Amino acid sequence: MASWIVSCPSTTSAGRHSTLSARLVILLSLLIICSQQICSGYEAEKGVQLRGGSTNNNSAYLRFVLLHLPPVLIVTRNSSDHITSLGGIAMSVLEWLSHTMNFRYEIIPDNIYSVENNAAGKGLMSYILEGRAEVILGGIVMTASRFQKLNFPYPFVIGQFGLVIPYPSSEVDITAVWKPFQGQIWTFLVVSMAMTILCLYGISHCIKDYMTNKENKNKLTHGKLFEDIGRAFQYVFGVILSQGLLAQGGTSRDQKLTIRFLAGAWCTACFVLVTAYSSVLISFVTSPNYKPMIHSLYDMPKNPKVKITVNRGWSPDLLFTNAEDGIFKYLGDQLRNEPGLRCSETAQCMDRVRKGSSAYVQEYRTIKNYVGEDLKKTGRCDFTIAKQLFFSFGAGLAISKQADVEYYNRGMLKAHEAGFVDLWFSRNMADASRCLNPIRDVASEKQRVTLAGLSGAFLALGFGYSLSVLSFIGEFIFRRR
């Protein structure tokens, strides 16, 4: 909006003053609108206000039908099916458009939950096609079949579909002791232990065989403790379990230089490995072990017990039913084989999810609001949202094919540019962060140690092997002489 104001031309002093005055009038009118209903959202506090908009009797007159879909549009009715209050982002959009586009409106109070016609009767689309209304107010998603009959202005909802799933409970993880290291590290560790045991045992015997006099043999027997492979095995395991100094197979001051190099390299590698293992193990032991039923829509074929559930005749239902291949066709086949997976009301879909065998599909911010409202009502998290979203789309008003779509586009683009749409969403959304964040945090923060991270420990061990071999060759040459 600011860029549009700056582009107004002015060539004379009088023109500049008049342009400045026009800008001030526009800004003042926007502030007045914002201070009344637009910025704070719309709620019919004084009763049902089914008529409103511009006060100019010569302005356009439009009739609206409603699609109840919190938090986009919240329609509250009493036991007699009369509207008692209206709220949500769509009502703020309606008030904004009526003031900026200068039209009067009337809301048709009929209670219909489907856009297309279905077995229950005619849908909201019939009001536009039969001339009984000009606009469908709500988060209407454009599909190929709908676009053939209706027009869609610039959307005020731009999002993706998500999956509501049961909130997982923390389970006992008996495999946590293996998880800090990758499989490659465990393989390298077992191989390194076997090589160290064999080297200690073999080098000790070689040194003994090449001793040339009895006195040196006696000294070697007193100082070298790895002629028995059991003692070498005990020493290697004792060091990695942080008990090397107490192990019966430990080294002594009389040990040969070859043995000391090899034992020192093993102690250095064990220090790094044990420290890394202990520091990572604590996160796997103390963190809750949450295992969501599924992580994304594409996990459903791997878990055939999980069934999809959708609102009958709404966008996810049409998306899956009309698909010809891929995961969407798989879910469409589920709906065709089990018509009971479609629900007439959102509460029915959420109850199926609560039982633990279904996943409910709807726009992300919509289901996030459902989860937040349920948390506020029950005080506990019964639902969460699968991590991966899918199928980006836009949703908003639906008008007839004969209407001027640019007339609505200008008003919606001004609302987006001014930042009002994001403000309306933030003020109409229930807080669901408590039910969403724990699963994502645990999944993202617990990371296993990789082989690349511990390559230094194995390099130190290999360097020790090399020094031990060189020392052994040196001692062998010295004794041969």
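The values are calculated or read from the model by the stated rules, or taken from the named source; none is laboratory data. Because the structure is a prediction, the values reported are computed rather than measured. Cβ sites come from the backbone with ideal geometry, for glycine too, and all protein chains shown count toward neighbours. Side chains are part of the model used for accessible areas, which takes the heavy atoms of the whole protein and leaves out ligands, DNA and RNA. Shrake-Rupley method; radii C 1.70, N 1.55, O 1.52, S 1.80 Å.
Some observations on this one:
- Among the residues of the stretch 305-332, the ones that are surrounded by fewer than 13 Cβ atoms within 10 Å (Cβ to Cβ) and part of a helix (DSSP H, G or I) come to 1 in all.
- Residues of the stretch 105-123 satisfying the condition of being surrounded by 18 or more Cβ atoms within 10 Å (Cβ to Cβ) and either touching a Gly at 6+ places or on another chain (Cβ under 6 Å) or in a strand (DSSP E or B) (or both): Tyr105, Ile107, Ser114, Val115, Glu116
- Within the stretch 333-348, being under 30 Å from Thr76 (Cβ atoms), of a type in the set (S, T, N, Q) and outside any loop (DSSP other than H, G, I, E, B) holds for Thr346, Gln348.
- Residue in the stretch 96-103 that is modelled with pLDDT under 90, open to solvent by less than 30 Å² (accessible area, probe 1.4 Å), in a loop (DSSP other than H, G, I, E, B) and over 22 Å from Asn409 (Cα atoms) present: no
- Applying the set (1) closer than 30 Å to Val272 by Cα; (2) open to solvent by 50 Å² or more (accessible area, probe 1.4 Å); (3) free of Cβ contacts under 8 Å to residues at least 40 places away in the same chain; (4) of a type outside the set (S, T, N, Q) to Phe188 leaves exactly one unmet item: (3).
- Number of positions in the stretch 61-71 that are modelled with pLDDT under 90 and outside any strand (DSSP E or B): 3
- Subset of the stretch 124-179 [touching a His at 6+ places or on another chain (Cβ under 8 Å), open to solvent by 10 Å² or more (accessible area, probe 1.4 Å) and outside any loop (DSSP other than H, G, I, E, B)]: none
- With respect to the stated conditions, Gly326 is of a type in the set (Gly, Ala, Ser) and more than 25 Å from Gly123 (Cβ to Cβ).
- Qualifying positions in the stretch 391-401 - open to solvent by 50 Å² or more (accessible area, probe 1.4 Å) and aromatic (Phe, Trp, Tyr): Phe391
Here is a yes/no grid of residues against (1) touching a Lys or Arg at 6+ places or on another chain (Cβ under 8 Å); (2) of a type in the set (D, E, K, R); (3) surrounded by 21 or more Cβ atoms within 10 Å (Cβ to Cβ):
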residue: Thr384; (1), (2), (3): no, no, yes
residue: Leu389; (1), (2), (3): no, no, no
residue: Ala403; (1), (2), (3): no, no, no
residue: Glu406; (1), (2), (3): no, yes, no
residue: Asn409; (1), (2), (3): no, no, no
residue: His416; (1), (2), (3): no, no, no
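- The stretch 314-330, residues that are modelled with pLDDT of 90 or more, closer than 16 Å to Ser114 by Cα and hydroxyl-bearing (Ser, Thr, Tyr): Thr321
- A Cβ distance below 8 Å, combined with a sequence gap of six or more or placement on separate chains, defines the contacts here; from the stretch 129-143, residues that are farther than 15 Å from Val72 by Cβ and of a type in the set (Asp, Glu) reach residues that are open to solvent by 50 Å² or more (accessible area, probe 1.4 Å) and assigned to a strand (DSSP E or B) in the pairs Glu134/Arg63.
- Matching helices (runs of 4 or more DSSP H) fully within the stretch 411-481 where at least 1 residues are modelled with pLDDT of 65 or more and more than 30 Å from Cys381 (Cα to Cα): 420-428, 455-480
- Filter result (at pLDDT 90 or above, among the charged types (D, E, K, R) and touching a helix residue (DSSP H, G or I) at 6+ places or on another chain (Cβ under 7 Å)) within the stretch 105-128: none
- Test: residue in the stretch 364-379 that is in a loop (DSSP other than H, G, I, E, B) and open to solvent by 10 Å² or more (accessible area, probe 1.4 Å): yes
- Every pair of residues 6+ apart whose Cβ atoms lie under 8 Å, when the first sits in the stretch 319-345 and is touching a residue at least 60 places away in the same chain (Cβ under 8 Å) while the second is part of a loop (DSSP other than H, G, I, E, B): Leu319/Thr143; Asn322/Thr143; Ser344/Tyr113; Ser344/Ala120; Ser344/Arg312; Glu345/Tyr113
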